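Single-structure report; data block below.
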Amino acid sequence: MNFHSIDYLLFLPVVVVLYFSTPQRFRWALLLLFSNLFYASWRIEFLPLLWLTTLIDYGVARALPGVADHRLRVGLFSISLLSNLGLLLFFKYFSLVANTGMGLIYGEAPGAFDPIHIILPLGISFYTFQTLGYVIDVFRGRRQPERHLGYFAVYVMYFPQLIAGPIERPGNILPQLRKPHVFDIRLAAAGGALMLVGYFKKLVIADRLAQSIPAVMADPHAYSPLAVLLASIGSIYQYYADISGYADIAIGSSLVLGIRLARNFNRPLAAVSIGEFWQRWHITVTTWFRDYVYMPIARRSRGGWRKPLATLLTIVIIAFWHGAAWTWLAAGIVAGLVMIAEGAVRRNRTVARVSNRLFATAGVGPGGIKFIQDNTNRMVLWLFLILLGSLVNAPSWSAAVGMWGQMAELPLQLARLDPSGLGLVPKTVLLAIIGLEIFQWLDSRKPVFERLSERGLPTAWAFYYALVAAILVFGTFDRAGFIYFDF
């Protein structure tokens, strides 16, 4: 069932009522039951695969502390590593590699020949890394294995974050599952409000943008350069609103139960550098890859190239994790190289000294220097996002190249004072985006829900009713699922 379906809006209250009506010692069983029902409502035939991953990693982690021989420990760990990554690689990337190979044989371009289709088990990109990270921590001796299979299974299958994260660490979730929770109306209200924000992002912004943008990206030559530019920017915001909206609904649903999930997005589009963008985007994913991919490579490699190599490999893997397509791989390579270059320039004292001297000669003070540097970095970031966003969101390589060609002609259109393309994004969606950005800006300084509670119930409920009204009036309810379902 989808988070924005009637089924889920009926499912969640039932779970909440039964959860707080059940004695603490049985609550894990209740959550496990409903989490399995939640997953089975999509495709029940993939439920055994989820259990297979759970049982393998539970068994490997339980056995590791009792094995003293290093080779046996590595062998046990390899069972978890190969089973997790083997299943993920098969379901997510086998068809891409096989279709590409067959296409080369028949002389077809990459992506143009795809007779093989393998259904991607929902959530496999998320629960695979969650359980694998747990086993890695046990293997390294950083934590003791969970002895109770039921609690471990809930940690893996907990329905709010099972399908699309956040990728949780056991140190956050497992203690909360054992902690007795009493229904807290304030937490429930905060969770419900966060869910409304998520529905607003998804239904009012992401799904409305999805009605007009794909046509432009599929045939960019049929539209003006300005329309193509707006479509590229809109695709970035659609992507952000869709996946961050899902995260808000997941975190809010769990908060109603009194269980706090990790934050997954922190205004990434407000970043002032590419490096900062990745720190704010998919936080639980990027931190997972930082801890289990980047740090081991950076520590074990020798020479001055070890950190750049670790950065490049990590960003490429993160990008390829986002999408099983060669365009994502290419975008990851470019993003990694640009991040390395950005870091090198930032650390170069000569560049900083020369630029500061030039600014000082021009009479620009420290505040002005920071303003110019931040906004120059933002321009570089958005140029990066527009170019690579059009690459990964366009339906083909040729469509992406066509978008770049059209956008290159934008100065000519502006010189003609030609406004065609301005109406690509509906005014209601533009207002919704502006409203969301103001909300997020205020929330970054002090949580909006705290501000509302301080002003009293009438103000808070007026805001919630306005949000519900905006969702019902301007939302679109005919789209099947979230972008996350393709991960």
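Ranked from largest to smallest solvent-accessible area, with a 1.4 Å probe on the protein heavy atoms, His148, His70 come out as His70, His148. Protein heavy-atom accessible surface, 1.4 Å probe, per residue over the chain: 48 Å².
Among the trypsin sites (Lys or Arg not before Pro) in segment 250-284, those located in a DSSP loop and surrounded by at most 14 other Cβ atoms within 10 Å of their own Cβ are Arg260, Arg263.
P(r) for segment 54-173, from all Cα pairs and a bin width of 5 Å, is 2, 11, 18, 18, 15, 11, 9, 7, 6, 3, 1 %, short bins first. If only the Cβ of Lys and Arg carry +1 and only the Cβ of Asp and Glu carry -1, the dipole of the chain around its Cα centre is close to 2080 debye. For the chain, the alpha carbon convex hull comes to 189 Å³ per residue, rounded to a whole number. The largest accessible area among His221, His181, His282 belongs to the first residue in His221, His181, His282, and the rest follow in falling order (1.4 Å probe, all chains).
For segment 370-433, the gyration tensor built on C-alpha atoms gives a rounded shape. Its axis ratio a/c (a ≥ b ≥ c) stays under 1.5. Of Ala319, Leu255, Leu309, which is farthest towards the positive pole of segment 232-350's charge dipole, taken about the Cα centre with +1 and -1 on the beta-carbons of Lys, Arg and Asp, Glu respectively? Of the candidates, Leu309 comes out farthest on the positive side. Thr22 contributes an accessible area of around 30 Å² to the protein surface, as traced by a 1.4 Å probe with all chains present. Once the convex hull of all Cα atoms in segment 123-274 is built, its volume per residue stands at 148 Å³.
For segment 29-183, a crude dipole built from +1 on the beta carbon of Lys and Arg and -1 on the beta carbon of Asp and Glu, taken about the Cα centre, is about 680 debye to the nearest 20.
Across segment 1-71, the convex hull enclosing all Cα atoms gives 112 Å³ per residue. With a Förster radius of 41 Å applied to the beta-carbon distance between Trp326 and Leu457, the computed FRET efficiency rounds to 0.15.
Number of Lys-Lys pairs in the chain with C-alpha atoms under 24 Å apart and a separation of 8 or more places or on different chains: 4.
Taking all protein chains as they are arranged and a probe of 1.4 Å, the heavy atoms of Trp42 leave approximately 90 Å² accessible to solvent. Computed from the alpha carbon positions, the gyration tensor of segment 177-229 leads to an equivalent ellipsoid with semi-axes of 43, 11, 7 Å, biggest first.
The stretch between Arg346 and Leu309 holds 11.6 nm of extra length on full extension. This uses 0.36 nm per residue minus the Cα-Cα distance. Assuming a viscosity of 1.567 mPa s and a temperature of 4 °C, what translational diffusion coefficient in µm² per second does Stokes-Einstein assign to segment 125-177, Rh being the Kirkwood radius over Cα pairs? Answer, rounded: 116 µm²/s.
On the chain, 67 percent of the accessible area sits on carbon and sulfur atoms, based on a 1.4 Å probe.
Place +1 on the Cβ of every Lys and Arg and -1 on the Cβ of every Asp and Glu in the chain, take the dipole about the Cα centre, and give the residue among Asn2, Gly133, Ala335 whose Cα lies farthest towards its positive end. Farthest along the dipole direction, towards plus: Gly133. Its residues counted as N, segment 328-487 yields a C-alpha radius of gyration over 2.2 N^0.38 Å of 1.45. Taken along the Cα-to-beta-carbon direction at a fixed 7 Å, the label points for Ala188 and Val380 span 5.1 nm.
Between Ile118 and Thr361, with labels modelled 7 Å along Cα→Cβ, what's the label distance in nm to one decimal, could you check? Between Ile118 and Thr361, the label points sit 6.0 nm apart. Treating r as the C-beta distance of Trp441 and Arg73 and R0 as 51 Å, the FRET efficiency rounds to 0.55. Under the simplified labelling scheme, the Leu47-Ala466 pair shows an inter-label distance of 4.4 nm, with each label point 7 Å from Cα along Cα→Cβ.
Along its three principal directions, the equivalent ellipsoid of segment 291-350 from the Cα gyration tensor extends over semi-axes of 22, 16, 7 Å, largest first.
The values are calculated or read from the model by the stated rules, or taken from the named source; none is laboratory data. None of these values were measured; they are calculated from a predicted model. Backbone-built Cβ (ideal geometry, glycine too); neighbour counts: all protein chains shown. Accessible surface is based on the protein model in full, side chains and every heavy atom, while ligands, DNA and RNA are left aside. Shrake-Rupley method; radii C 1.70, N 1.55, O 1.52, S 1.80 Å.
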